[in-house]
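Single-structure report; data block below.
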Amino acid sequence: MPRQYRYWVLALGAILISRLISMALFPFVDTTEARYAEVARLMADTGDWITPWFDAGMPFWGKPPLSFWAQAASAKTFGLSEIYFRLPALIATILTGFLTWRLAQGYRDDKTSRWSVLIFVSMALPYISAGAVMTDAFLALGITLSLVGFLRTIQGGKSCWGWLFFLGMAAGLLAKGPLAAVLVGIPIVLGILFGLYRWTVLARLPWLWGSLATLALTLPWYLSAELKTPGFLDYFIVGEHILRFIDPGWSGDLYGNAHSQPKGMIWVFWLWASFPWGILALMVLGVRMAGGSARCLNGFWQDKRAVLLLFCALGPLLFFTLAGNTLWTYVLPSLPFSAVLIARQLSGVGRPNTIKFLYVPTVAVCPLILLVITLAWSSGLYSVKSEKHLVSYYNQRREAGSSPLLYLGKAPFSARFYSRGTARSIHLKQLEKMQEDNTYREYFVVIPAKRMNDSQLAPLFTTGSVEMQNRRFRLLSVKSPMSQREPSSRAEFD
């Protein structure tokens, strides 16, 4: 293997190993990852592969099921450990990295294609999402597959790339919904409007059979989901795809709170998501322009293929510019194309000393930061919003006739996941009724830290003992007055 390939493979291997370590050690943190992990766990547990469930009796209409299918299948195959729920996202990111490499091969030299992959997988958002239980890695894979298939097709590639365009479209529709078609369409339309190619090149795609294949892969699930839980299509299409983006304070969200942001915040999110490469590329561009190298921009605009790459990178940013309800994860579909553009620019100033002392250390920034955070959590130096330790302590402490974990208020998703769905959300009156009925021998009550001075809870503090606490909750054990009796059948739980 040539030396340059050997170093490239070693760098990719080091990034992969560091991500696997954090995937295995880091717990599910509330709310996003723990919520999606619990939805996938419920799918694997119930065997319901049509409707993802948010809670008992409450379907999860917020997202299509592709990511949940992959996570639930992984969990059923390998087990319920965190790493197995995260494994599908890692595979999706690896495939996206492969597509990034194939895309860059058709635009620049081999060196640029290798750096495109390294830049992509070491950016903050791709590196994090590669080992996270979320839907975004699957959406990015679908959009990247469609756009790379389109670009390779109009450049005279093999017919299989045209079919991959529609396969990517189906993946996007099953990962996020109609948004995928919009994000794929934006750069294609911009390319026509700016005269980068004639609209007649679209005829190179197998529109009839490709569209039929896309419908065959996606429509059965959409119809089945609506028939099984009526109201899904109205909420998902109108609510999630229209009201969520035009109304910053949208109150119809059934599963969380609206993420109200200033309009145009998506551009700031791009800087966060592409860290550290986006900032570095802008700095290098500024230095080159200040040094009188503005002609490099003229050369860029004359390269139609580079401009088309720019449109692919700008698509998600342009779409979400006027949206008031955004997250930084919405940037992810832009980053494979951003990585190729950044590699293209940096390769122009990539002297050996620059590569050695600037670019190579930059690859390690995000992996090192997350690895340090993971090790700090594992050693107890850093705490996160996760109930893993509390649930583990409860499992060691409980005895026959003990209550499940009773959260006064809403039980976090991480508690529901790590307790395998036995953690319960209750009100104080419900707890008092349990005590009156002597339902359990011993009650394990979890109290939010913000309610520690609540006078209504004074009897619990006087009769119970504090077992443990974390940054959000305190666990109390309270003996039943008749704890010597045989536990009733109601006290038995799995």
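With a 1.4 Å probe and all protein chains kept in place, how much accessible area does T462 have, in Å² rounded to the nearest 10?
Near enough 110 Å² of accessible area.
Would you mind working out the magnitude of the charge dipole of segment 317-446 relative to its Cα centre, with +1 at each Lys and Arg C-beta and -1 at each Asp and Glu C-beta, to the nearest 20 Debye?
360 debye
Could you pull out every one of the lysines with an alpha carbon less than 16 Å from that of K111, ignoring same-chain neighbours closer than 8 positions?
K356
State to the nearest 20 debye the size of the charge dipole of the chain about its Cα centre, where the only charges are +1 on K and R beta carbons and -1 on D and E beta carbons.
1640 debye
Considering only the other residues whose Cβ falls under 15 Å of the Cβ of C160, what net charge follows from Lys and Arg at +1 and Asp and Glu at -1?
Charge balance near C160 sits at +4.
From the phi of every residue in segment 156-169, what ³J(HN,Hα) in whole Hz does the Karplus formula 6.51 cos²θ - 1.76 cosθ + 1.60 yield, where θ is phi - 60° and glycine or proline is x?
Once rounded to whole Hz, the list reads x, x, 5, 5, 4, 5, x, 5, 5, 4, 6, 5, x, 5.
Taking a probe of 1.4 Å, how large is the accessible area per residue of segment 6-125, in Å²?
Heavy-atom SASA per residue in segment 6-125 reads 36 Å².
For K63, list the aspartates and glutamates whose Cα falls under 17 Å from its own Cα; do not include residues on the same chain fewer than 8 positions away.
Result set, ordered by chain and number: E33, E38, D48, D55, D136, E226, D234, E240, D253.
Which order do the peptides 337-343, 212-218 come out in when sorted by mean C-beta neighbours inside 10 angstrom, highest first?
Most protected by this proxy first, the peptides run 337-343, 212-218.
How much net charge surrounds P178 when only other residues with a Cβ under 13 Å from its Cβ are counted (Lys, Arg +1; Asp, Glu -1)?
+2
Give me the percent of accessible area attributable to carbon and sulfur for segment 122-268, probe 1.4 angstrom.
The value for segment 122-268 is 71 percent carbon and sulfur by accessible area.
Structure shown: which of K76/K410; K228/K429; K228/K388; K263/K304; K176/K263 lie over 24 Å apart, alpha-carbon to alpha-carbon?
Pairs exceeding the cut-off: K76/K410; K228/K429; K228/K388; K263/K304.
Give the longest segment of the chain that steers clear of GluC sites (Glu not before Pro) in DSSP loops with at most 12 neighbouring Cβ atoms within 10 Å, not counting the sites themselves.
The longest uninterrupted stretch comes out as 1-398.
Can you give me the relative contact order of the chain as a percent, contacts being Cα pairs under 8 Å and 6 or more apart?
Computed value for the chain: 16 percent relative contact order.
How about segment 356-433: which chymotrypsin sites (Phe, Trp or Tyr not before Pro) there lie in a loop by DSSP and see at most 14 other Cβ atoms within 10 Å?
Answer in residue order: Y382.
Please compute the length gained on full extension between D55 and Q456, using 0.36 nm multiplied by the number of residues separating them and subtracting their Cα-Cα distance.
Answer, rounded to one decimal: 141.5 nm.
Taking the Cα centre of segment 366-443 as the origin and placing charges on Cβ (Lys, Arg +1; Asp, Glu -1), which of L405, L368, H389 is farthest toward the positive end of the dipole?
After comparing all options, I get L368.
Farthest toward the dipole's positive end in the chain, which of L205, L431, Q71, given Cβ charges of +1 (Lys, Arg) and -1 (Asp, Glu) about the Cα centre?
The residue sitting most towards the positive pole is L205.
The values are calculated or read from the model by the stated rules, or taken from the named source; none is laboratory data. As the structure is a prediction and not an experimental result, all values here were calculated from the model. Glycine gets a Cβ as well: all are built from the backbone with ideal geometry, and neighbour counts include every protein chain shown. Keep in mind that these areas ignore ligands, DNA and RNA; they rest on the heavy atoms of the full protein, side chains included. Shrake-Rupley method; radii C 1.70, N 1.55, O 1.52, S 1.80 Å.
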